[in-house]
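Read the structure below first, then the notes.
The values are calculated or read from the model by the stated rules, or taken from the named source; none is laboratory data. Every value quoted in this text rests on a predicted model; they were computed, and no experiment measured them. Quick reminder, even Gly has a Cβ in these numbers, built from the backbone with ideal geometry, and neighbours come from all protein chains shown.
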Amino acid sequence: MRKILVKLKRLLTYGIENKIDKLSVVTGQIAASSVCKAEKIESLSDAGFSIYSQFDEDGIIEWLIQRLPISSNRFIEFGVENYIESNTRFLLKNRNWKGLIMDSSPSYIDYIHKDNIYWRHDLTAICAFVTPDNINELLEGANFKGKIGILSIDAGGMDYWIWKAMNVVDPDIVICEYNAVFGDLHAIVVPYQNNFESREAHYSGLYWGASTRAFELLALEKGYVLLGSNIGGHNLFFLRKELCSYVDQYMSDKRSKPSLYRDSRSPEGKLTYTGGVKRYEMIKHLSVYNIETKKNTLLETLSPIYSENWLEKIK
């Protein structure tokens, strides 16, 4: 009897989860239809909605895809954890794209392999700690080369260096996680380190990645233009330069947004809920690499690091 009850509970749980998942997709499709009608927007976040993404990335991606002659229905995303919350899951389920996802945790990848999404779609999930040294080898090994529709990078701190090193894929849209605590005035990035971990680099977890300006300069080198950011102020959206004419007429503000995150930690690892400029105060004594001067410098020597526009929003 106990075994029967356990099996019944599993079936009921699966049924509920499956229905919730289907409801989420239907809700997303309704939202996507609404996004399609939004011709003129001020910034990308005006088109945003969230089904599986952390903030409004699902809607932004949908709005862009509806307006662009995408060269390939393939995507790459890494730093996905168990892929329940991600930038490409709705794209996979709603448009049935083919994807490659990567994460460094074996348990997360095992979870994905057991998820129904793995057999229902053409999805490849690889367990790997992505670095600038191995990224191209990993992509080639998974047979993801050449044209792809979307590249989404969330590598926990070395995102700038990884994108800089990538040369085997040619994405139409690039989504990069940026560190808004580094501000919007200087092109700065955490110096390259092997096996970088933000919590080990500084207990606050605020010392990682690159500023929006650093990514913007790298994008220009690679032939991309900044379209803006998500509403949460942590993901930048770049578009291949030759595709910009398809969306320029619909947008008026391509600036990135500051973040209002309060996820800083104490030396004991507890949340301190530090926000605004005080986050900068916690790490200003640390060294960053200035892309424009090509030198390491202390973050505090670059003050001010926030524009008046950003300061107004984070006060």
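So here's what we get for this one:
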item	result
Test: residue in region 145-154 that is of a type in the set (S, T, N, Q) and either over 17 Å from Asp172 (Cβ atoms) or in contact with a Lys or Arg (Cβ under 9 Å, 6 or more places away or on another chain) (or both)	no
Among the candidates Leu151, Leu138, residue that is within 24 Å of Arg240 (Cα to Cα) and assigned to a strand (DSSP E or B)	Leu151
Scope region 175-186; condition β-branched (Val, Ile, Thr) and surrounded by fewer than 23 Cβ atoms within 10 Å (Cβ to Cβ); matching residues	none
Residue among Asp154, Asp122 that is under 22 Å from Ile65 (Cβ atoms) and at pLDDT below 95	Asp154
Pair list, Cβ under 6 Å, 6 or more apart: region 213-228 residue modelled with pLDDT of 95 or more, other residue assigned to a helix (DSSP H, G or I) and not aliphatic (A, V, I, L, M)	Ala214/Tyr160; Leu218/Lys164; Gly223/Lys241; Val225/Lys241; Val225/Cys244; Leu226/Glu216
Members of region 231-253 that are crowded, with 17+ Cβ neighbours inside 10 Å, touching a strand residue (DSSP E or B) at 6+ places or on another chain (Cβ under 9 Å), of a type outside the set (A, V, I, L, M) and in a loop (DSSP other than H, G, I, E, B)	His234
Subset of region 58-74 that is touching a Gly at 6+ places or on another chain (Cβ under 7 Å), touching a residue at least 40 places away in the same chain (Cβ under 8 Å) and outside any loop (DSSP other than H, G, I, E, B) - its residue that is nearest to Leu239 (Cα to Cα)	Ile60
Selection within region 151-179 - of a type in the set (A, V, I, L, M, F, W, C), more than 23 Å from Tyr207 (Cα to Cα) and out of contact with any helix residue (DSSP H, G or I) (no Cβ under 7 Å at 6 or more places or on another chain)	Leu151
Condition check for Ala142: small (Gly, Ala, Ser) and within 18 Å of Asn194 (Cα to Cα)	no
Region 218-230: number of residues that are over 14 Å from Asn87 (Cβ atoms) and either among the polar types (S, T, N, Q) or not in a strand (DSSP E or B) (or both)	6
Among the residues listed as Val247, Val288, the single one being under 17 Å from Leu217 (Cβ atoms), under 23 Å from the mean Cα position of the chain (by Cα) and in contact (Cβ under 8 Å) with a residue 40 or more places away in the chain	Val288
Region 88-141, residues that are of a type in the set (Asp, Glu) and surrounded by fewer than 20 Cβ atoms within 10 Å (Cβ to Cβ)	Asp110, Asp115, Asp122, Asp133, Glu137, Glu140
All positions within region 263-315 that are polar (S, T, N, Q), assigned to a strand (DSSP E or B) and either surrounded by fewer than 14 Cβ atoms within 10 Å (Cβ to Cβ) or touching a helix residue (DSSP H, G or I) at 6+ places or on another chain (Cβ under 8 Å) (or both)	Ser287, Asn290, Asn296
The one condition in (1) at pLDDT 95 or above; (2) small (Gly, Ala, Ser); (3) under 21 Å from Ile231 (Cα atoms) that Gly79 fails to fulfil	(1)
Among (1) surrounded by fewer than 18 Cβ atoms within 10 Å (Cβ to Cβ); (2) more than 23 Å from Pro132 (Cβ to Cβ), the one test that Arg199 misses	(2)
